[in-house]
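Colleague: Okay, handing you the structure first.
The values are calculated or read from the model by the stated rules, or taken from the named source; none is laboratory data. Note that the coordinates shown come from a computational prediction; the quantities given were computed from them, not determined experimentally. Quick reminder, even Gly has a Cβ in these numbers, built from the backbone with ideal geometry, and neighbours come from all protein chains shown.
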Amino acid sequence: MGIILVGLNYRTAPVELREQFSIPESAIEDYLKELLYQDGIEEAVLVSTCNRTEIYVVADTPTRALSSIETLLATLSHVNPQEFRTHLYLYQDLHAVKHLLRVVTGLDSMVVGETQILGQVRTAFLTAQQHHATGHIFNVLFRDAIAFGKRVQTETSIGQSAVSVSYAAVSLAKKVFGTLSQQTVLVVGAGKMADLTIKHLQAQGVERVLIVNRTFARAQEKALQYGGQALSIDRLADALCEADIVISSSGGQDYLIHPQVLAKRMTTRKLRPIFLIDIAVPRNIDPALAKWDDIYVYDIDDLQNVVASGMAHRQQEAQQVELMIEEQVTAFEHWRVSQDGVRLIASLQKKANAVQDAVLDSLFHKLPSLDERERKVVQKHLQSVVNQLLREPIASVKAFSQMEDGKEQLEIIARAFGLETAVESQSEANHFTVNHSPAPVKERQDQFRVIGTLSTI
């Protein structure tokens, strides 16, 4: 049995194609059942987010499994396989394991180190478990991968540096005030940037959020969505009197926050600093305010420097995570080899027992005069011979199961005892192993042209 992963993500497919492969939560059960219905597929997990759709399966024959997955993707997307093959990537066995670990740690994400994907993979795994789509291999693989993702978050700081403008704005505010839970925050604007900013603020414990927008109805929508307070644009001066932190991301060509608007605040809240963060282009905040006492102004260029620093830090941390991933892949491979050993021992014993039973049947047929006691004596001694013959091979299998290069030795033992079926299946899988990184388009075209040919056999 081999692990096979076929998928597409933000690197290999544009959003207009990715959205056609998005799997609705309500349809996951049906697609899991469809996969498991196919001959040779024993386990399946489907991961579907805005940036990726990935199908993980445990299967005995790679070509047959790939054909089934391709059919499923065509059904899901209503797109001809010829049109999406070049956008797919294929990983098998340890390459698939390594890819999964890069996914759960955020190394394969658009924003390196983001943590949301770990929860999404966990949900995908639990859903597959709920529908009885996972077995021994995926229960171990995904359980350990999720635990590993949590360990990376705990032992490294890969997810802690600012890598978006909105996150950087909140990080700067936190550096100035220490804790944000007691601060009143004014958000000017009601677009996507405002959404992200409010989410980051609330994640830092901010409880009081004022929302001002040129269109009051939009401000009300955001206030209802996030539990804030909506104010019309003509009350901006009043809102500034209450705010400790202002984050502005509104559209428009003119400054919304300028000396005249802040004049009221300066008379009512003297000596209380105000932190102004302008993430709009064109800018919303008059840069001249930076010269005023107790007013601190940062624009998007200041924040981009914070983002660049954060990205550099995450890339540095990513190197450590890559080393941790290699160790985790090795640990999983040792477990898989040990499981190969367990299966090989079972196969040896099964074949030996079959030979023993055949010999006994032949012997008892030729010696019908043996009574029950004599038959048991013969059976006992023959069983002893079989056990003694298997003792050394079984000991070798157990020893090789603990070795890094033990898989090749196990295959030699399997062939020596005429147990080639599993070995041939594994060898076929090895022919399809690809590099860790998604192949260039030309390579993917060649790769899936082969798969397409095999699918028609």
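Colleague: Which one of 52, 102 is assigned by TED's automatic domain parsing to the domain that holds residue 150, in contact (Cβ under 8 Å) with a residue 24 or more places away in the chain and over 30 Å from residue 340 (Cα atoms)? First the steps, then the outcome.
Modeller: Details: 102 fails: over 30 Å from residue 340 (Cα atoms).
Result: 52 is the single residue among 52, 102 that is assigned by TED's automatic domain parsing to the domain that holds residue 150, in contact (Cβ under 8 Å) with a residue 24 or more places away in the chain and over 30 Å from residue 340 (Cα atoms).
Colleague: When only residues in the range 161-190 that are of a type outside the set (A, V, I, L, M) and either touching a His at 6+ places or on another chain (Cβ under 8 Å) or within 20 Å of residue 230 (Cβ to Cβ) (or both) count, which is surrounded by the fewest Cβ atoms within 10 Å (Cβ to Cβ)?
Modeller: It comes out as 184.
Colleague: Next question, about the same structure. How do the pairs read when you match residues in the range 325-336 that are within 10 Å of residue 145 (Cα to Cα) with residues anywhere that are of a type in the set (Phe, Trp, Tyr), using Cβ under 7 Å and keeping only pairs 6 or more apart or on different chains?
Modeller: 328/148
Colleague: Does residue 321 fit the bill of being among the β-branched types (Val, Ile, Thr), surrounded by 14 or more Cβ atoms within 10 Å (Cβ to Cβ) and not in a helix (DSSP H, G or I)?
Modeller: no
Colleague: Can you tell me which residues in the range 24-37 are at pLDDT 90 or above and either among the basic types (Lys, Arg) or not in a helix (DSSP H, G or I) (or both)?
Modeller: 33
Colleague: Looking for whichever is touching an Asp or Glu at 6+ places or on another chain (Cβ under 8 Å) and of a type in the set (Asp, Glu) here; the options are 25, 34, 16, 42. Which one fits?
Modeller: 42
Colleague: Checking residue 30 against (1) within 21 Å of the chain's Cα centre (by Cα); (2) surrounded by fewer than 17 Cβ atoms within 10 Å (Cβ to Cβ), only one condition comes out false. Which one?
Modeller: Residue 30 satisfies every listed condition except (1).
Colleague: Which residue out of 106, 119 is in a loop (DSSP other than H, G, I, E, B) and closer than 26 Å to residue 157 by Cβ?
Modeller: Details: 119 fails: in a loop (DSSP other than H, G, I, E, B).
After applying the criteria, what remains is 106.
Colleague: Now a separate question. Residue 285 is checked against (1) β-branched (Val, Ile, Thr); (2) touching a helix residue (DSSP H, G or I) at 6+ places or on another chain (Cβ under 8 Å); (3) in the same structural domain as residue 252 (by TED's automatic domain parsing) and fails just one. What number does that condition carry?
Modeller: Exception for residue 285: condition (2).
Colleague: Can you report the number of residues in the range 83-98 which are under 16 Å from the mean Cα position of the chain (by Cα) and without any contact (Cβ under 8 Å) to a residue 60 or more places away in the chain?
Modeller: So the count comes out to 0.
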